[in-house]
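The values are calculated or read from the model by the stated rules, or taken from the named source; none is laboratory data. Note that the structure is a prediction, hence the values are computed from the model and not measured. Note that we place each Cβ from the backbone using ideal geometry, even for glycine, and neighbour counts take in every protein chain shown.
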Amino acid sequence: MGLEFLNWLAVGVGLLGKIPAEIGMTAKVLVVDADVRLRRALAAELKELGYSTVEAGDGEEGWNLFCQQEPAVVITDLAMPRCDGQELLRRIRVRSDVPVIFFTAQGSVDAAVAALKAGADDFVAAKEGGAARLVGRVASALEGRQDSPAGSPLGDRIAGTSLAIQRCRSRMMALAPLRVPVLFLGEEGVGRSAAVEALNELSSGGRARLATLRCEGWKPGLGFPRVEAIHLKGVEKLSASAGAFLVDRIQESERGGFIEGPRIIASAHPLFGSSKTGAPGVELRQLLGRLSIEVPALRQRPGDIPDIASVLVNRLGRTLGRRVTLSASALEFLVARPWPGNIAQLEGFLERAVAFSREGLIRQGLLAEIADEENEGIPSLRRHRQAQEHALLLQVLRETGGNVSRTAERMLRSRSAVYRLIEKHGISLATNR
């Protein structure tokens, strides 16, 4: 990266002092870069903040030091002799989940996509301003805080501490500065729209106007709203012609470095690629799926329910002009109860609880009363969702002639995940070829 980077580093240094020194105390950071001046300059700044550092001139040396020194964080360049950054990341991921941050002048879209898909925690392009953001990400990783603090867009909308939601937040933070299309995947009710809004606010500090475009029934002739960011809601419901139009728009933007036009943030069901209203082309799925973030279902993270419920109750209470909290037994009741409708169902349930509470404290007894009133509807909702999943899976299998690899590609799932779905729904591949 050379002298040009050192200038960017100098600009960022003034902001680095804002990182609390105690975060970095005794924490070891491995810095891997073939440019000795850059490597030493970055290591020196990290040391001033209280970190200990070890340096390597290429990926091979970096791997040896990683095995010997067991650093808490790894910062690496991409292009290096003997063993490049991608190979170093691959080796590290076999052995450890230690945070790995790419810091490079090769800030292309394809490079960022490849790094994040390979398991990198962040990709910081030097020209994006990097030094201050880089050290901030190191501090966050060492705190075990892969998200923003409470009160931030992520803390308010993407609550929880489970590994699944931390991974979701970490990817959102990594992609926020990049003006590339992002695809949020998740079941109905998991909070995809909230994630889209949070990413937009995180990217622009709330300055960029976000318009939601419902994809079902949308036609290219209708055009795009004149805003800085567009949420393509339910992108799996696009017609083939609308999908082809979007492919052209995304490819045109990519050739220009995503500088012109609004940023595209899409959301879709995990079975993205099949819809009764017509599926968009494979090319669109591949373009959007390069940088996808899965918003996990509640059943995948029941331990997050107390945090989510507290956020929802605070928000609902403010709407009604009252201060309401949940008792400990009420939180236990919510954790034990199934939520097939995900956060949307939980929010509807708590909305009634907040409205009916009299003392400012929601107790287990009130929740049990509301649950008794709703119990008859829950099995039918579960059956409906399972039937919907079965129908979509069956349709994709028929369209691909029962080819599991092509089905997995269209659904943006792994082959093993598709096989599990096939087994779950008792579908015969032989009859769908």
Exercise for the section: May I ask you to list pairs of residues, at least six apart or on different chains, whose Cβ atoms are under 9 Å apart, with the first in the stretch 41-66 being in a loop (DSSP other than H, G, I, E, B) and the second being hydroxyl-bearing (Ser, Thr, Tyr)? Expected result: Gly50/Thr26; Tyr51/Thr26
Fill in the blank from the handout: Residue count, the stretch 332-361, condition under 30 Å from the mean Cα position of the chain (by Cα) and farther than 19 Å from Gly191 by Cβ, comes to 3
Exercise for the section: Pick out the one residue from Ala330, Ala344 that is among the aliphatic types (A, V, I, L, M) and surrounded by fewer than 18 Cβ atoms within 10 Å (Cβ to Cβ). Expected result: Ala344
Practice task
Scan the stretch 206-249 for residues that are under 20 Å from the mean Cα position of the chain (by Cα) and at pLDDT below 80 and jot them down.
Solution key: Gly206, Ala208
Exercise for the section: Give me a count of the residues in the stretch 405-433 that are assigned to a helix (DSSP H, G or I) and over 26 Å from the mean Cα position of the chain (by Cα). Expected result: 6
Problem - Count - residues of the stretch 331-369 that are more than 23 Å from Pro296 (Cβ to Cβ), hydrophobic (A, V, I, L, M, F, W, C) and part of a helix (DSSP H, G or I) - result: 7
Practice task
Report yes if Val98 is among the β-branched types (Val, Ile, Thr) and touching a strand residue (DSSP E or B) at 6+ places or on another chain (Cβ under 6 Å), otherwise no.
Solution key: no
Handout entry: Residues satisfying the stated conditions in the stretch 104-145, i.e. over 20 Å from the mean Cα position of the chain (by Cα) and at pLDDT 75 or above
Key = Thr104
